[in-house]
Amino acid sequence: MEKMTYIVQEEDHGERIDKLVADKFPNFSRNQIKKMIKDEQVEVNKQSEKPNYHVKWGDIITIYEKDPEITELVPENIPIDIHFQDKDVIVINKASGMVVHPSQGHYTGTLVNAALYHCNHLSGINGELRPGVVHRIDKDTTGLLVMAKNDHAHNFLAKQFKDKTTTREYCALVYGTIAHNKGTIDAPIGRDPKDRKKMAVVAGGRSAVTHFEVVERLGDYTLIKCVLETGRTHQIRVHLRYIDHPLVGDPKYGRRKVIGEKGQFLHAAKLGFIHPTTEEYMEFEVPLPDYFNQFIDHLRAE
């Protein structure tokens with residue numbers, strides 16, 4: 001269950017709560033909001049209210065979004081690029097546009113559905129909706145992630161992610177010319193107080209560290225390599241926006257005019273971890289997807 005909050009601003013004072021929440025969280029319809037209020041999934045100052053409640057400046061609205069009700073997670077014969085698998089792990093090169101696990105609005109067609117078909121079983125530690133999911137990458141981000149096939153492997157891998165001992169290297173194309181060849185962005189990330197569907201650099205957020213290195217300068221763009229020290233939601237996308245070099249093609253954190261049709265130009269190119277059974281270090285690397293390479297070639301030609 002995901003928790004979202006919104007603090008009522010002066011200009012919101014006097015609005016009906018169902019209308020205000022629908023305006024501030026447009027991924028929910030007005031009818032959905034009314035049902036959520038009725039089901040006590042919406043609170044004002046930790047108290048349930050009716051849909052016609054008129055909000056007051058400073059009210060703290062909390063929304064609890066339930067996980068989708070799926071009676072059975074069905075394996076689906078969806079082609080995926082399996083880079084490696086054995087009895088413990090499966091390493092997949094994820095395509096753009098694929099959601100990792102079922103969530104609101106994405107009940108089928110996910111990477112979990114596909115992985116269940118291709119490897120029959122995944123660990124059960126994360127519950128019925130997220131079997132095998134040790135870490136995630138965004139829907140439109142491409143590249144490598146590892147899933148666990150059993151609980152021992154899941155716990156072994158999860159500890160490495162928690163202890164920051166995995167290797168995670170991304171390729172990213174950003175707007176503007178980055179002057180420094182190398183740099184580190186150390187800025188805490190939390191919910192954007194102005195838009196609860198986004199993340200932002202905020203005081204009191206969770207620690208987040210991204211290291212970057214310039215690979216190639218391409219006119220008004222820069223191709224960089226990013227290495228994650230932490231793994232916050234949308235971390236690279238938020239951090240690059242924070243330093244005024246947002247990702248090209250990012251509809252959420254990028255420029256208003258979006259380039260391309262595949263989402264942000266962000267690719268999880270390298271992934272390394274210690275294998276849960278052999279305890280040997282394994283490292284995988286995959287090239288940029290074709291559309292990413294084609295756009296870079298286009299910039300070079302210009």
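Quick note: the coordinates plus some simple rules give every number you see, no bench work behind them. Just so you know, these numbers come straight off a predicted model, no measurement behind them. Ideal geometry is used to build each Cβ from the backbone, glycine not excepted, and the neighbour counts take in all protein chains shown.
Couple of notes before you dig in:
- Point-charge dipole on Cβ atoms (K/R +1, D/E -1) for the chain, about Cα centre, debye to 20: 740
- Spacing of the modelled spin labels on THR230 and HIS118, each 7 Å from Cα toward Cβ, amounts to 3.2 nm.
- Between the C-alpha center of the range 203-253 and that of the range 15-82 there is a gap of 30 Å.
- Distance violations [Cα-Cα > 19 Å] among LYS46/LYS66; LYS3/LYS159; LYS19/LYS194; LYS94/LYS139; LYS94/LYS149: LYS3/LYS159
- Per-residue 3J(HN,Hα) values for the range 272-281, derived from phi via the Karplus relation 6.51 cos²θ - 1.76 cosθ + 1.60 with θ = phi - 60°, read x, 7, 8, 5, x, 9, 6, 6, 9, 6 Hz in sequence order (x marks Gly and Pro).
- Partner aspartates and glutamates for LYS35 [C-alpha distance under 17 Å; skip if fewer than 8 residues away on the same chain]: GLU2, ASP18, ASP23, GLU43, GLU49, GLU65, ASP67, GLU69
- Amide H contacts under 5 Å for SER123, placed H, 5+ residues apart: GLY132, ALA148, LYS149, ASN150
- Potential extension, SER207-TYR281 segment - 0.36 nm per residue separation minus Cα distance: 24.0 nm
- Here the contact order of the chain, divided by its residue count and restricted to Cα pairs under 8 Å and six or more residues apart, works out to 14 percent.
- Where both bridge residues fall in the chain, DSSP classifies roughly 95% of the beta bridges as antiparallel.
- Residues whose amide H lies under 5 Å from that of MET199, counting only those 5 or more places away or on a different chain, are ASP192; hydrogens are built 1.01 Å from N in the peptide plane.
- C-alpha center-to-center spacing [the range 97-159, the range 265-280] in angstrom: 15
- Using distinct alpha-carbon pairs, which all enter the 1/r mean, Kirkwood radius of the chain in Å: 21.0
- For the range 92-99, 3J(HN,Hα) computed residue by residue from phi via the Karplus equation (6.51, -1.76, 1.60; θ = phi - 60°) reads 10, 9, 6, 7, 5, x, 9, 7 Hz, glycine and proline entered as x.
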